[in-house]
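Encoded as structure tokens, the structure appears first; notes follow it.
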Amino acid sequence: MLFGHLQVGDKLSYHDTERNRTYIATVKRDGSLEVDGKRYGPPSAPLTEIMGRQRHGWRDWQLADGRQLRQLRRQALSDVSR
């Protein structure tokens, strides 16, 4: 899970301001995200389906502390290159 930066069971959230609704994704053991009981591979897939238009999951999903998923990916890539 992003080289230790994301763990099984971690919760990610996305707040849709147009609908005033927050969606929660749970990180599964295989690295997929589960949203409303459905599993998705790439992080953009659930948001694209929910919103009905292309979304950037790496940018839009956030941890409770406000960090974006793409920030975790950058950190993981930086750690690997050291």
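The values are calculated or read from the model by the stated rules, or taken from the named source; none is laboratory data. Everything numeric in this text was worked out from a predicted model, so none of it was measured. Methodologically, a virtual Cβ is constructed for each residue, glycine included, from the backbone with ideal geometry; neighbour enumeration extends over all protein chains shown. Accessible surface areas use protein heavy atoms only, side chains included; no ligands, DNA or RNA. Shrake-Rupley method; radii C 1.70, N 1.55, O 1.52, S 1.80 Å.
For the charge dipole of the chain, defined by +1 on Lys and Arg C-beta atoms and -1 on Asp and Glu C-beta atoms about the Cα centroid, which residue among GLN75, HIS5, PRO43 has the Cα displaced farthest towards the positive pole?
Value: GLN75.
Please give the per residue accessible area of region 1-71, computed with a probe of 1.4 Å over protein heavy atoms only, in Å².
On a per-residue basis, 59 Å².
Return one number: the angle in degrees, 0 to 90 and rounded to the nearest 10, between the long axis of the Cα atoms of helix 69-81 and the longest principal axis of the Cα atoms of the chain.
Helix 69-81 sits at roughly 20 degrees to that axis.
Hey, any idea what % of region 5-77's accessible area is carbon plus sulfur with a 1.4 Å probe?
Its accessible area is 45 percent carbon and sulfur atoms.
If you put +1 on each Lys and Arg Cβ and -1 on each Asp and Glu Cβ, how big is the dipole of the chain around its Cα centre, in Debye rounded to 20?
In total the dipole reaches around 180 debye.
Given the DSSP H assignment, sum -39500 (n - 2.57) over each helix run of at least 4 residues in the chain and divide by its residue total; what's the result at 222 nm in deg cm²/dmol, nearest 500?
-8500 deg cm²/dmol
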